[in-house]
1. Among the small types (Gly, Ala, Ser) and either under 12 Å from Leu45 (Cα atoms) or modelled with pLDDT under 90 (or both): does that describe Ala104?
2. Select, from Arg57, Arg76, the only residue that is at pLDDT 90 or above and within 21 Å of Pro133 (Cα to Cα).
3. Within region 36-54, how many residues are of a type outside the set (A, V, I, L, M, F, W, C) and modelled with pLDDT under 95?
4. Scan region 70-103 for residues that are without any contact (Cβ under 8 Å) to a residue 24 or more places away in the chain, farther than 17 Å from Trp52 by Cβ and assigned to a strand (DSSP E or B) and report the count.
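The values are calculated or read from the model by the stated rules, or taken from the named source; none is laboratory data. In this text, all values refer to a predicted model and were calculated from it rather than measured experimentally. Positions of Cβ are generated from backbone atoms using ideal geometry, with glycine treated the same way; all protein chains shown enter the neighbour counts.
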Amino acid sequence: MRASNLVGLALCLFLVLAPPSAAQHAANDQTTTSPDKTTTPAVFLKSLVGSWEGVCRTWFRPDKLADQSKIKGEFRPILGGRFLRHKYEGELQGQPRTGEETIAFNSVAKKFQISWIDEFHMNEGIMFSEGEPAETGFVVVGKYEVSPPMSRRGAGKPYSN
């Protein structure tokens with residue numbers, strides 16, 4: 001096995017299209033999905049709550065787009081809003097794909113922290129990542145082990161790239 005680093009969600013760029021009801025709710029609360037100097041991490045996380053649809057772009061190499069497909073998901077508060085659960089589903093190269101993240105801002109460490117599971121990257125493991133607030137949200141770095149793909153894709157048959 002070898003280890004791979006993942007910066008933010010660099011493998012998959014979500015272009016989020018907020019539904020009108022979520023946009024209206026955000027306008028009423030005067031929150032945005034991009035923190036500014038006056039927005040606290042808690043307010044930023046609250047602004048993400050709702051359902052979304054978009055496009056996921058995946059690269060296995062920096063110079064070659066491997067896939068572009070529709071994706072949808074939802075952010076829901078858990079444990080009184082101290083954490084967010086992010087569930088999503090879509091496809092990757094024609095294969096169904098689902099995943100889930102738990103997202104928090106650790107006020108002691110002053111960092112965003114995420115635990116992430118999915119059926120493509122993580123297989124049977126959990127990726128933990130953490131990082132700093134950024135101008136347009138946050139950037140986290142995580143590490144996970146990779147091996148030849150198994151499961152429904154067929155043993156030894158990785159996604160093409």
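1. Values: among the small types (Gly, Ala, Ser): yes; either under 12 Å from Leu45 (Cα atoms) or modelled with pLDDT under 90 (or both): yes.
Yes: the conditions hold for Ala104.
2. Working: Arg57 fails: within 21 Å of Pro133 (Cα to Cα).
Step by step, each of Arg57, Arg76 is checked, and only Arg76 is at pLDDT 90 or above and within 21 Å of Pro133 (Cα to Cα).
3. We begin by selecting, within region 36-54, every residue of a type outside the set (A, V, I, L, M, F, W, C); these are 36-41, 46-47, 50-51, 53-54.
In the following step, the residues that additionally are modelled with pLDDT under 95 were identified as 36-41, 46-47.
Residues meeting the conditions: 8.
4. The total comes to 2.
So that you can scan it fast, the table gives a plain yes or no per residue for (1) under 22 Å from Lys72 (Cβ atoms); (2) modelled with pLDDT under 85:
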| residue | (1), (2) |
| --- | --- |
| Arg85 | yes, no |
| Glu100 | yes, no |
| Lys110 | no, no |
| Ser115 | yes, no |
| Val139 | no, no |
| Gly142 | no, no |
| Ala155 | no, yes |
